[in-house]
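Report on one structure; see the data block that follows.
The values are calculated or read from the model by the stated rules, or taken from the named source; none is laboratory data. Please read these numbers as outputs of a predicted model, since none were measured by experiment. Cβ: placed from backbone, ideal geometry, glycine included. Neighbour counts: every protein chain shown.
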Amino acid sequence: MANDPFPRLARSMQHVPAVTTSPWHLGSEAGPAALRNVAKWAAAFLFFVTLAATLTTLTLFQATSEGASKRTLRRAVAALAEIDPLVDRNWDALHQQATSAAPGDPLQLADYPLDVPLTRDEVLASSKDQLRDTLLSRSADIMYSHGTGPLRATPGSGRGVGMFTVGGLTDNGLGFLTGRHHDILGVLTFALAALSGILAVTLAMLCRGFGRLIGVGAVVVTASLPMLLAGAAARLYIRIVSGGDNEYIQQEFLSIGRGLAWIPIRDGIAFSVLGAAFLAIGVSGALWADRHRAR
């Protein structure tokens with residue numbers, strides 16, 4: 001030590017504690033927080049995708065339910081057949097057939113687009129309104145079970161059709177309103193809803209405090225707004241198209257579509273309100289907690 005040119009420095013270094021934390025160790029401590037943040041955003045994105053898909057299948061599931069579908073099919077068949085003038089035109093001939101028919105002979109209304117058998121007693125005992133109701137109810141039952149296949153002629157067949165032409169709405173719209181599609185959509189909606197619930201819980205676990213409510217609420221609002229806007233845009237577009245010089249059948253189909261567009265609007269509003277409630281509770285709780293800590 002006598003030859004040491006820096007004796008005071010050497011003595012001072014003896015009191016410096018040894019460095020046991022390497023830069024790599026510091027990085028490993030910051031790693032879990034970064035991974036947690038990445039996992040949180042990934043869970044939020046997956047939750048958004050699955051919830052948006054759930055809302056889509058839920059809307060279609062509701063539209064294809066038996067009650068909603070049969071109401072739509074009744075209106076559509078009434079428009080396709082122009083049933084009121086059709087019944088008036090063939091009423092006398094149908095009654096003459098029923099008078100001369102045997103009790104078990106099937107009868108049909110001429111030019112009706114579906115094969116709906118009627119009995120002799122049904123024809124003779126029914127008024128025009130009752131016959132109309134019988135034909136439409138049985139037609140809706142047939143089409144809900146078998147789609148548009150039983151139609152004797154699809155309007156617009158044999159030529160190009162657009163989405164909002166009679167042929168396009170019949171082929172692409174009415175053909176989807178079946179019990180088979182409803183059952184498939186029910187299973188798909190249940191599976192997507194379960195997955196959305198799992199992702200919502202995962203996102204809540206990755207967040208902290210009132211951030212759990214804020215995170216879940218923000219995703220719910222974000223996922224439900226496209227459905228709400230899509231329904232509103234569909235109604236607006238149909239309203240614009242309906243304002244043109246359209247045929248009677250086209251106007252009826254557009255009116256049906258305008259009514260169905262309320263389903264995504266209704267669902268979008270319901271889920272937006274639910275998400276906004278989560279957001280409001282979360283933000284209010286976070287502000288209250290901040291004030292409480294500041295005291």
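Couple of notes before you dig in:
- Yes/no for residue 236 being aliphatic (A, V, I, L, M), closer than 30 Å to residue 80 by Cα, surrounded by fewer than 16 Cβ atoms within 10 Å (Cβ to Cβ) and under 23 Å from the mean Cα position of the chain (by Cα): yes
- Residue 217 being under 25 Å from the mean Cα position of the chain (by Cα), of a type outside the set (A, V, I, L, M, F, W, C) and either at positive phi or at pLDDT 90 or above (or both): yes
- Residues located in the range 119-132, provided they are free of Cβ contacts under 8 Å to residues at least 24 places away in the same chain and either surrounded by 13 or more Cβ atoms within 10 Å (Cβ to Cβ) or not assigned by TED's automatic domain parsing to the domain that holds residue 74 (or both): 119, 120, 122, 126
- Hits in the range 72-105 (condition: more than 27 Å from residue 192 (Cα to Cα) and in contact with a Gly (Cβ under 9 Å, 6 or more places away or on another chain)): 75, 76
- Qualifying positions in the range 242-278 - crowded, with 16+ Cβ neighbours inside 10 Å, touching a residue at least 40 places away in the same chain (Cβ under 8 Å) and over 12 Å from residue 228 (Cα atoms): 249, 250, 252, 253, 254, 256, 257, 260, 275, 278
- Leading residue by the ranking (nearest to residue 175 (Cα to Cα)) among those in the range 227-265 that are touching an Asp or Glu at 6+ places or on another chain (Cβ under 9 Å) and modelled with pLDDT under 90: 249
- Some residue of the range 147-155 being modelled with pLDDT under 90, farther than 22 Å from residue 242 by Cα and of a type in the set (D, E, K, R): yes
- Single condition residue 52 does not satisfy, out of (1) under 30 Å from residue 250 (Cα atoms); (2) touching a Pro at 6+ places or on another chain (Cβ under 7 Å): (1)
- Checking every residue in the range 23-35 against the condition of being surrounded by 10 or more Cβ atoms within 10 Å (Cβ to Cβ), modelled with pLDDT of 85 or more and not assigned by TED's automatic domain parsing to the domain that holds residue 149 gives at least one match.
- Residue count for the range 74-96, restricted to those that are in contact with a Pro (Cβ under 8 Å, 6 or more places away or on another chain) and either surrounded by fewer than 13 Cβ atoms within 10 Å (Cβ to Cβ) or without any contact (Cβ under 8 Å) to a residue 60 or more places away in the chain (or both): 1
- Evaluation of residue 99 against the conditions (1) loosely packed, with under 13 Cβ neighbours inside 10 Å; (2) free of Cβ contacts under 8 Å to residues at least 24 places away in the same chain; (3) more than 41 Å from the chain's Cα centre (by Cα) shows that the sole unmet condition is (2).
To keep it simple, each residue is scored yes or no on (1) touching a helix residue (DSSP H, G or I) at 6+ places or on another chain (Cβ under 8 Å); (2) closer than 30 Å to residue 187 by Cβ.
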position: 33; (1), (2): no, no
position: 46; (1), (2): yes, yes
position: 50; (1), (2): yes, yes
position: 70; (1), (2): yes, yes
position: 75; (1), (2): yes, yes
position: 78; (1), (2): yes, no
position: 102; (1), (2): yes, no
position: 109; (1), (2): yes, no
position: 131; (1), (2): yes, no
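- Pairs with Cβ under 8 Å, 6+ apart, first in the range 133-151 and in contact (Cβ under 8 Å) with a residue 12 or more places away in the chain and among the acidic types (Asp, Glu), second assigned to a helix (DSSP H, G or I) and surrounded by 15 or more Cβ atoms within 10 Å (Cβ to Cβ): 141/70
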